[in-house]
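Novice: The structure's right below; bear with me while I get my questions together.
The values are calculated or read from the model by the stated rules, or taken from the named source; none is laboratory data. Just so we're clear, the structure is a prediction, and the values are computed from it rather than from any experiment. Cβ coordinates were reconstructed from backbone atoms using ideal geometry, including for glycine residues, and neighbour counts include every protein chain displayed.
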């Protein structure tokens with residue numbers, strides 16, 4: 001990065017709630033040279049999106065940029081008059097939003113939409129139509145008249161995101177801010193979109209800021225990474241160094257929480273949650289959750305220290321370097337060929353007329369965990385819903401524990417309903433916002449077991465204790481809980497009736513990595529302790545080794561491969577499985593255990 | 001018309017009293033603090049207070065013939081007299097409560113019937129849905145006032161009948177709004193959870209769905225109350241409500257129209273009270289709805305909510 005032009009320089013950026021409220025982000029400084037990508041990583045509430053928007057001189061309603069500079073090619077965007085700022089947005093600083101289906105105008109044809117981005121900046125190009133064709137080629141879309149005339153809803157998610165990329169790149173900006181642009185995409189699509197971003201940034205000397213919560217994605221894309229926690233950058237440096245040898249305690253814990261598709265490890269989550277704006281206390285915001293905390297940490301917010309070519313916001317950065325917490329590897333016991341507790345035979349399901357599953361056979365050995373993986377639309381959630389009885393339009397046989405399961409809920413006895421429990425993907429939707437946690441957890445006891453009130457509340461309290469939640473949560477409402485706490489409540493609700501089969505439908509996909517690790521560990525422990533049979537639906541292959549013994553790969557409603565996790569991940573037989581595994585971005589060289597691996601981030605396919 | 005649930009509580013009022021934790025109470029409080037709602041609330045409360053306290057403080061009997069017809073305001077009769085020489089002030093003070101009571105009962109009836117129909121139609125789906133919603137369509141084909149007039153002119157001007165007629169004429173509109181709100185909620189995972197627990201449909205509707213409809217129901221109630229007041233006053237004006245010699249604001253306007261040039265207050269005051277009441281309830285409802293769906297939430301609070309909620313669940 002030496003001698004290169006600095007495209008973007010951010011210094012001492014601070015954003016507050018209102019003119020004098022608490023700060024949401026503060027002391028944000030970084031620089032991005034031409035053609036480079038800076039990764040801005042952090043968990044929800046860390047302020048990364050707030051920073052991203054501020055790079056375009058924008059603050060959400062209610063927030064105010066109170067100090068700092070955002071210099072783009074030497075010009076401070078924040079001091080521009082509104083008219084000039086508007087002209088700069090899109091033309092010189094472009095934004096790619098997270099969800100292209102919501103960001104593209106559904107009433108405008110794709111071609112017109114890209115051209116519009118050019119026409120609002122007259123003088124950028126002579127011939128918008130020709131540039132539209134050029135830029136579509138650059139994002140690897142065929143600029144056929146047919147495609148140009150389509151509406152956004154007629155494109156796939158990946159194509160939509162490419163159109164959004166085309167709109168961002170069409171004016172040849174100096175800066176592109178990408179706000180988790182691949183979150184909703186399948187791994188393969190994600191890989192292609194990331195490749196496109198990287199090559200275009202290099203080609204046109206664009207500085208890019210890539211906001212993400214996914215460490216592996218950032219690792220594969222960004223030359224530099226800024227780790228945010230509670231509104232501040234806690235560690236900033238070359239990605240390979242930061243990921244291989246993290247210094248800040250938060251960075252270490254964050255990396256330890258990330259699942260790995262390569263090794264079976266216990267992921268260690270971070271207990272507690274980051275403080276909210278206005279409640280960040282006097283000292284270091286991470287102090288309450290930090291392993292290395294000393295009294296001095298709680299006195300004043302730490303200044304950035306330059307160390308080993310990076311900046312770390314920790315007063316003990318010097319001392320705590322060195323051997324980090326070893327990451328325990330866990331050997332999952334190979335499943336002892338127990339009898340199948342749950343077996344599906346030629347199960348075919350349809351939504352209306354559309355077939356979703358065709359002739360699926362599946363065996364889940366008693367007291368073991370089977371992961372069902374596949375891309376979106378592969379039918380994995382439908383499979384889970386058929387077993388649970390939520391989807392009743394299926395044919396075939398599902399046997400559980402020697403009894404045949406009826407297709408719908410109506411035909412099932414209370415005993416069957418108790419035996420099979422289901423945990424939903426989104427804990428923000430699965431808890432009734434008008435009930436207290438106590439009512440929510442006690443409800444199945446009333447419905448399924450008919451227990452009297454006193455016994456219900458006792459068992460609800462002990463169920464909360466099982467998922468490490470304090471008893472005073474019983475009186476709270478769901479909106480007073482964080483996402484991870486809500487998902488634990490959902491787990492407690494499922495386990496309180498002591499089921500035999502637990503179905504987990506993407507239970508961690510709505511959660512941050514540090515929370516995901518906590519939840520997965522908890523599920524594992526509970527599964528072992530209670531000898532649960534478990535189906536774990538996920539799209540995240542990196543999680544497999546940490547939770548499951550066997551894996552089933554679904555594609556378009558068919559089982560393409562199944563077997564022990566290690567075997568499938570290391571020697572996939574089906575080409576689809578192989579492709580799926582190769583496209584997973586891998587966080588390599590996490591020094592936490594692999595001190596010997598050369599530091600660096602690799603993608604398993606390119607090996608770059 | 002799905003009205004988002006306001007989740008203000010966890011952020012701004014953590015540790016507040018137990019009552020304030022209920023999101024809709026918090027929304028009502030937040031609404032009451034906006035200027036729009038404060039104005040509405042003051043207007044409506046003033047008129048309601050007047051109607052309730054009126055009978056106890058009225059200077060003379062509303063039915064007593066005390067002076068000349070259409071006498072101008074004087075020291076003894078501050079608002080003058082009506083077409084039979086009765087004290088307008090006393091009649092105004094006595095003529096509100098019946099109107100309010102009838103409007104409130106009709107509203108309650110309409111909301112209860114409409115909500116029951118709307119929730120059942122949306123949650124049960126299929127045949128019940130078709131049956132309920134087609135019935136609703138048929139009732140909706142009659143203009144609201146005409147429907148009430150029809151019933152009253154056939155069965156005679158009985159008060160309970162008027163309440164019933166106006167209430168039932170509200171039900172279809174409420175049912176439509178609540179049905180669409182319920183359709184959204186029925187698909188939420190917590191309803192699926194209750195189904196997985198083998199909960200009966202009726203219990204799911206009352207304990208899982210209904211509590212989440214409080215915001216739209218409150219907005220509907222305010223709106224329907226406004227309409228009820230107008231319709232009740234209108235029916236009285238047309239002679240289908242309370243019968244003479246009862247004191248009633250709507251009836252008073254009709255009775256005293258002929259004396260408008262002589263003593264305008266006998267018409268203006270009851271008309272103004274009805275107007276203030278409807279404007280008040282309508283303004284407050286509007287403010288509540290805006291807060292409930294998040295338009296008028298303080299921007300700082302909005303920003304914090306945005307900051308703290310994961311994107312998937314916004």
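Novice: Across region A:58-99, what is the total count of residues that are assigned to a strand (DSSP E or B) and farther than 27 Å from residue A:125 by Cβ?
Specialist: To start, the set of residues in region A:58-99 that are assigned to a strand (DSSP E or B) comprises A:63-72, A:75-76, A:93-96.
Filter once more, so that each one left must be farther than 27 Å from residue A:125 by Cβ: A:63-69.
The total comes to 7.
Novice: Out of all the residues in region A:394-432, which are free of Cβ contacts under 8 Å to residues at least 24 places away in the same chain, more than 31 Å from the chain's Cα centre (by Cα) and more than 20 Å from residue A:347 (Cα to Cα)?
Specialist: The answer is A:413, A:415.
Novice: Now a separate question. Out of the residues in region A:57-76 that are under 18 Å from residue A:208 (Cβ atoms) and crowded, with 19+ Cβ neighbours inside 10 Å, state the one that is farthest from the chain's Cα centre (by Cα). Show your work before the answer.
Specialist: Restricting attention to region A:57-76, the residues satisfying the condition of being under 18 Å from residue A:208 (Cβ atoms) are A:57-58, A:70-73.
Cutting the leftovers down to crowded, with 19+ Cβ neighbours inside 10 Å gives us A:57, A:70, A:72.
Values: A:57: 26, A:70: 28, A:72: 30 Å.
Residue satisfying both the conditions and the ranking: A:72.
Novice: Something else: Looking for something within 14 Å of another protein chain (Cβ to nearest Cβ) and in contact with a strand residue (DSSP E or B) (Cβ under 6 Å, 6 or more places away or on another chain) - is there at least one such residue anywhere in region A:101-108?
Specialist: Narrowing region A:101-108 to residues within 14 Å of another protein chain (Cβ to nearest Cβ): A:101-103.
Now restrict to residues that are in contact with a strand residue (DSSP E or B) (Cβ under 6 Å, 6 or more places away or on another chain): none.
Scanning region A:101-108 turns up no residue that is within 14 Å of another protein chain (Cβ to nearest Cβ) and in contact with a strand residue (DSSP E or B) (Cβ under 6 Å, 6 or more places away or on another chain).
Novice: Just the residues that are in contact with a helix residue (DSSP H, G or I) (Cβ under 6 Å, 6 or more places away or on another chain), surrounded by 20 or more Cβ atoms within 10 Å (Cβ to Cβ) and farther than 29 Å from residue B:222 by Cα, please, taken from region B:82-109.
Specialist: Scanning region B:82-109 gives B:82, B:88.
Novice: Can you pull out the residues in region A:524-551 that are over 22 Å from residue A:218 (Cβ atoms) and touching a strand residue (DSSP E or B) at 6+ places or on another chain (Cβ under 7 Å)?
Specialist: Our first condition is that a residue be over 22 Å from residue A:218 (Cβ atoms); within region A:524-551, this holds for A:524-537, A:547-551.
Residues satisfying the conditions are A:527, A:532, A:533, A:534, A:535, A:536, A:537, A:547, A:548, A:549, A:550, A:551.
Novice: If the requirement is being within 29 Å of residue A:184 (Cα to Cα), touching a residue at least 60 places away in the same chain (Cβ under 8 Å), outside any helix (DSSP H, G or I) and in contact with a helix residue (DSSP H, G or I) (Cβ under 9 Å, 6 or more places away or on another chain), which of these qualifies: A:491, A:519, A:503?
Specialist: Details: A:491 fails: outside any helix (DSSP H, G or I); A:519 fails: outside any helix (DSSP H, G or I).
Being within 29 Å of residue A:184 (Cα to Cα), touching a residue at least 60 places away in the same chain (Cβ under 8 Å), outside any helix (DSSP H, G or I) and in contact with a helix residue (DSSP H, G or I) (Cβ under 9 Å, 6 or more places away or on another chain) holds for just one of A:491, A:519, A:503, which is A:503.
Novice: Right, here's the next one. Pick out the one residue from A:300, A:287 that is closer than 29 Å to residue A:238 by Cβ, more than 14 Å from chain B (Cβ to nearest Cβ), touching a helix residue (DSSP H, G or I) at 6+ places or on another chain (Cβ under 8 Å) and modelled with pLDDT of 80 or more.
Specialist: Working: A:300 fails: touching a helix residue (DSSP H, G or I) at 6+ places or on another chain (Cβ under 8 Å).
Criteria check complete, one pass: A:287.
Novice: Within region A:378-393, does at least one residue satisfy the condition of being facing another protein chain (nearest Cβ under 10 Å), assigned to a loop (DSSP other than H, G, I, E, B) and within 27 Å of residue A:545 (Cα to Cα)?
Specialist: Pass one, region A:378-393, residues facing another protein chain (nearest Cβ under 10 Å): A:385, A:388-390.
Pick out the ones that are also assigned to a loop (DSSP other than H, G, I, E, B) and you get A:389-390.
Keeping just the survivors that are within 27 Å of residue A:545 (Cα to Cα) gives none.
Checking region A:378-393: not a single residue is facing another protein chain (nearest Cβ under 10 Å), assigned to a loop (DSSP other than H, G, I, E, B) and within 27 Å of residue A:545 (Cα to Cα).
Novice: Here's something else I'd like to know. Taking the condition in a helix (DSSP H, G or I), more than 24 Å from residue A:186 (Cα to Cα) and modelled with pLDDT under 90, does residue A:415 pass?
Specialist: Numbers: in a helix (DSSP H, G or I): yes; more than 24 Å from residue A:186 (Cα to Cα): yes; modelled with pLDDT under 90: yes.
Yes, satisfied.
Novice: Count, please, the residues in region A:108-160 that happen to be assigned to a loop (DSSP other than H, G, I, E, B) and modelled with pLDDT under 90.
Specialist: Let us first name the residues in region A:108-160 that are assigned to a loop (DSSP other than H, G, I, E, B), namely A:108-109, A:120-127, A:139-144, A:149-151, A:155-156.
From what is left, the residues that are modelled with pLDDT under 90 are A:120-127, A:139-144, A:155-156.
Looking only at that region, the number is 16.
Novice: Next up: Looking at region B:153-176 only, could you name the residues that are surrounded by fewer than 21 Cβ atoms within 10 Å (Cβ to Cβ), in contact (Cβ under 8 Å) with a residue 12 or more places away in the chain and in a helix (DSSP H, G or I)?
Specialist: First, pick out the residues of region B:153-176 that are surrounded by fewer than 21 Cβ atoms within 10 Å (Cβ to Cβ): B:153-161, B:164, B:168, B:173, B:176.
Restricting the remaining residues to those that are in contact (Cβ under 8 Å) with a residue 12 or more places away in the chain gives B:153, B:157, B:159, B:164, B:168, B:173, B:176.
Within region B:153-176, B:153, B:159, B:164, B:168, B:173, B:176 meet the criteria.
Novice: Mind telling me which of the residues A:517, A:465, A:490 ends up being more than 22 Å from residue A:385 (Cβ to Cβ) and buried (at least 21 other Cβ atoms within 10 Å of the Cβ)? Give the steps one after another, and end with the answer.
Specialist: Numbers: A:465 fails: buried (at least 21 other Cβ atoms within 10 Å of the Cβ); A:490 fails: more than 22 Å from residue A:385 (Cβ to Cβ).
It is A:517.
Novice: Still on this structure, please answer the following. Can you confirm whether region B:56-68 contains a residue that is surrounded by fewer than 22 Cβ atoms within 10 Å (Cβ to Cβ), in contact (Cβ under 8 Å) with a residue 24 or more places away in the chain, in a helix (DSSP H, G or I) and within 15 Å of the chain's Cα centre (by Cα)?
Specialist: No: zero hits.
Novice: Next question. Working only within region A:452-488, note down all residues that are within 11 Å of another protein chain (Cβ to nearest Cβ) and outside any helix (DSSP H, G or I).
Specialist: Step one: list which residues in region A:452-488 are within 11 Å of another protein chain (Cβ to nearest Cβ), which gives A:475-484, A:486.
The answer is A:476, A:477, A:481, A:482.
Novice: Looking at region A:268-278, is at least one residue without any contact (Cβ under 8 Å) to a residue 40 or more places away in the chain and not in a helix (DSSP H, G or I)? If you could, list the steps in order and put the result at the bottom.
Specialist: The initial filter retains those residues of region A:268-278 that are without any contact (Cβ under 8 Å) to a residue 40 or more places away in the chain, namely A:272.
Narrowing further to those that are not in a helix (DSSP H, G or I): A:272.
Yes: one or more hits.
Novice: Same structure again: Can you pull out the residues in region B:192-222 that are at the interface with chain A (Cβ under 8 Å from one of its Cβ atoms) and under 25 Å from residue A:450 (Cβ atoms)?
Specialist: If the condition is that a residue be at the interface with chain A (Cβ under 8 Å from one of its Cβ atoms) and under 25 Å from residue A:450 (Cβ atoms), then B:192, B:193, B:194, B:195, B:196, B:197, B:198, B:199, B:208, B:211 are the ones that fit.
Novice: Continuing with this model, one more query. Residues in region A:405-438 that are within 15 Å of residue A:388 (Cβ to Cβ) and either within 7 Å of chain B (Cβ to nearest Cβ) or in contact with a strand residue (DSSP E or B) (Cβ under 8 Å, 6 or more places away or on another chain) (or both): how many?
Specialist: 14
Novice: Also, I was wondering about something else. If we scan region A:441-451, do we find a residue that is at pLDDT 90 or above, surrounded by 22 or more Cβ atoms within 10 Å (Cβ to Cβ) and more than 10 Å from chain B (Cβ to nearest Cβ)?
Specialist: Taking every residue of region A:441-451 in turn, at least one turns out to be at pLDDT 90 or above, surrounded by 22 or more Cβ atoms within 10 Å (Cβ to Cβ) and more than 10 Å from chain B (Cβ to nearest Cβ).
Novice: Could you tell me which residue of region B:138-152 is modelled with the lowest pLDDT, considering only residues that are farther than 18 Å from residue B:237 by Cβ and loosely packed, with under 11 Cβ neighbours inside 10 Å?
Specialist: Of region B:138-152, the ones farther than 18 Å from residue B:237 by Cβ are B:138-142.
So of that shortlist, the ones also loosely packed, with under 11 Cβ neighbours inside 10 Å come out as B:138, B:141.
Details: B:138: 87, B:141: 84.
Applying the filter and picking the extreme gives B:141.
Novice: Could you list all residues from region A:177-194 that are part of a strand (DSSP E or B) and surrounded by fewer than 24 Cβ atoms within 10 Å (Cβ to Cβ)? Before you say what the answer is, go through the steps one by one.
Specialist: In the first step, residues of region A:177-194 are kept if they are part of a strand (DSSP E or B); the result is A:177-179.
Of everything in region A:177-194, just one residue is part of a strand (DSSP E or B) and surrounded by fewer than 24 Cβ atoms within 10 Å (Cβ to Cβ), namely A:179.
Novice: Go through (1) within 14 Å of chain B (Cβ to nearest Cβ); (2) touching a helix residue (DSSP H, G or I) at 6+ places or on another chain (Cβ under 7 Å); (3) closer than 28 Å to residue A:271 by Cα and name the single condition residue A:61 misses.
Specialist: (3)
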